[in-house]
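Participant: Just passing along the structure, written as structure tokens.
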Amino acid sequence: MTENQMCPSHVTSTVTSILSKVGFEVYPFKIGWYNEQVQKVFALPYPEDTLAFIVISTPEMFDKAFKPFIRRQACTGVRDPIDECMMHQFSLIKQAFPEGEAETIHDFEMHPNRRPKVLVQTAGHVAGAAYYYQASDVTGNPWGDKKIYGVSVHPKYGGWFALRGVIIFRNVLYPDLARKEPPDVVSTSSLRQELLHRYNHNWQDWSFRDIVPVTQKYSEEQMLYFITPPKDRQELLKKIVGEDQVY
Ligand code: B12
């Protein structure tokens, strides 16, 4: 740590205290851990010891962050309401630190060529938050050359969570950050194969989310919100939070 850099443990506790009370989990990682996994085009342009966090929304986010955000009529309706809510939460993190210290990248942010700015599943894996299962984790190459998308599984929420983005502290180097492996909860090759099959071929039935027993999942109301086509969600929100409280 240099003389005048912010203390990494203070940064971690500030980020955690803001986000955990509204249904998020945050896990620290070093940019170098991420960059050593991804192809160069996806690398994040910071020194390897730079402190970053992956932000995960738990099943509680809907009640603790999203509904209050809609009730406060803080949503403009210009973007997807969940995305707007995430932008609001990330802005609170930026405000908690001196100007420019906390940089954020959302899962939905793309470069002009449509390449995602951050691969949140890889970030979640290297941070020890949720194991990212890919075709290479299954023995015997059952799919041949066919493109199979990977999926992350959380030790408590299975697939009932989302990886919302990363927060990067460009001026905080943390060479001594201890690395934690993500819990390998889908430990057999046959169950991993089943997981990837469900995620790639039957993702609409959401059964991939229940690949392991979970302690908590989305409420009926939250499930209804996410299965409702975006164009009909505003009507549904009126029922959820009250007619006159929706943008
Ligand atoms: C583009 C995108 C899509 C595209 C393409 C999918 C894809 N994976 O490429 C489409 C539209 C098809 C899609 C669909 C869905 N998506 Co989508 N999607 C994304 C998005 C925005 C980017 C993914 C991407 O382009 N990756 C690029 C490729 C190249 O990355 P990659 O395959 O992981 O390769 C890297 C790793 O292999 C890494 N690597 C190499 N070796 C190693 C070794 C280790 C150990 C590690 C850790 C990494 C690693 O290096 C590679 C890059 O160089 C992410 C959010 C994000 N920003 O990451 C969500 C995301 C992957 N989607 C998600 C979801 C849930 C879905 C859907 C179920 C729909 C939905 N939103 O409900 C469907 C299901 C997929 C399906 N069957 O169609 C979730 C997955 C959550 C989870 N539990 O994993 C994400 C993370 C969004 C989120 N906010 O949570 N999606």
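Participant: Between residue 71 and residue 207, with labels modelled 7 Å along Cα→Cβ, what's the label distance in nm to one decimal, could you check?
Facilitator: About 3.8 nm separates the two model spin labels.
Participant: Please turn the phi angles of the range 130-137 into ³J(HN,Hα) values with the Karplus equation 6.51 cos²θ - 1.76 cosθ + 1.60 (θ = phi - 60°), one per residue in order, whole Hz, x for glycine and proline.
Facilitator: Whole-Hz 3J(HN,Hα) from phi for the range 130-137: 8, 5, 9, 8, 10, 4, 5, 8.
Participant: How large is the dipole of the chain about the Cα centre if only Lys and Arg carry +1 and Asp and Glu carry -1, each at its Cβ, rounded to the nearest 20 debye? Mind dumping the intermediate values first?
Facilitator: Numbers: 27 positive and 29 negative charges, 66 e Å.
The dipole magnitude comes to about 320 debye.
Participant: Given a cut-off of under 8 Å on Cα pairs at least six residues apart, what relative contact order in percent is computed for the range 119-158?
Facilitator: Values: 36 pairs, mean separation 17.4, N = 40.
This gives 44 percent for the range 119-158.
Participant: Which of the aspartates and glutamates could a cross-linker span from residue 156 if the Cα-Cα distance has to be under 13 Å and same-chain partners fewer than 8 positions apart are dropped?
Facilitator: 25, 60, 184, 210
Participant: Measuring from centroid to centroid over Cα atoms, what is the spacing of the range 155-176 and the range 20-59 in Å?
Facilitator: Here the answer is 5 Å between Cα centres.
Participant: Next question. Pairs of alpha-carbon atoms within less than 8 angstrom and 6+ residues apart define the contacts here; what relative contact order does the chain have, in percent? List each step's numbers first, then the result.
Facilitator: Numbers: 387 pairs, mean separation 60.8, N = 247.
The normalised contact order for the chain reaches 25 percent.
Participant: A follow-up question, please. Among the lysines, which fall within straight-line cross-link reach of residue 239, defined as a Cα-Cα distance under 24 Å, with same-chain neighbours fewer than 8 residues apart omitted?
Facilitator: Counting by Cα, and skipping residues close in sequence, residue 239 has these lysines nearby: 64, 67, 217, 231.
Participant: Here's something else I'd like to know. Using a Cα-Cα cut-off of under 27 Å, which lysines could be cross-linked to residue 147, ignoring same-chain neighbours fewer than 8 residues away?
Facilitator: 40, 117
Participant: Residues of the range 126-247: accessible area per residue at 1.4 Å, in Å²? Intermediate values should be presented prior to the final figure.
Facilitator: Working: 6580 Å² over 122 residues.
Dividing the accessible area of the range 126-247 by its residue count gives 54 Å².
Participant: Right, something else. For the ranges 156-169, 207-220, 79-92, what's the packing order if you count other beta-carbon atoms within 10 Å of each residue, average per peptide, and put the highest first? If you can, show how the numbers build up before the last one.
Facilitator: Numbers: 156-169: 22.6, 207-220: 15.5, 79-92: 17.9.
Sorting 156-169, 207-220, 79-92 by mean packing, highest first, produces 156-169, 79-92, 207-220.
Participant: Another question, then. What ³J(HN,Hα) values, in whole Hz, does the Karplus curve 6.51 cos²θ - 1.76 cosθ + 1.60 give for the range 35-45 when θ = phi - 60°, with x put for Gly and Pro?
Facilitator: 4, 6, 8, 8, 4, 3, 4, 9, 4, 8, x
Participant: Residue 139 to residue 215: FRET efficiency via 1/(1 + (r/R0)^6), r the Cβ-Cβ distance, R0 22 Å, to the nearest 0.05? Intermediate values should be presented prior to the final figure.
Facilitator: Working: r = 29 Å, r/R0 = 1.33.
Computed FRET efficiency for residue 139 and residue 215: 0.15.
The values are calculated or read from the model by the stated rules, or taken from the named source; none is laboratory data. This one's a predicted model, so the numbers in the text were calculated from it and none came from an experiment. Note: ideal-geometry Cβ built from the backbone for every residue, glycine included; neighbour counts use all protein chains shown. Ligands, DNA and RNA are excluded from the accessible area calculation, which covers all protein heavy atoms including side chains. Shrake-Rupley method; radii C 1.70, N 1.55, O 1.52, S 1.80 Å.
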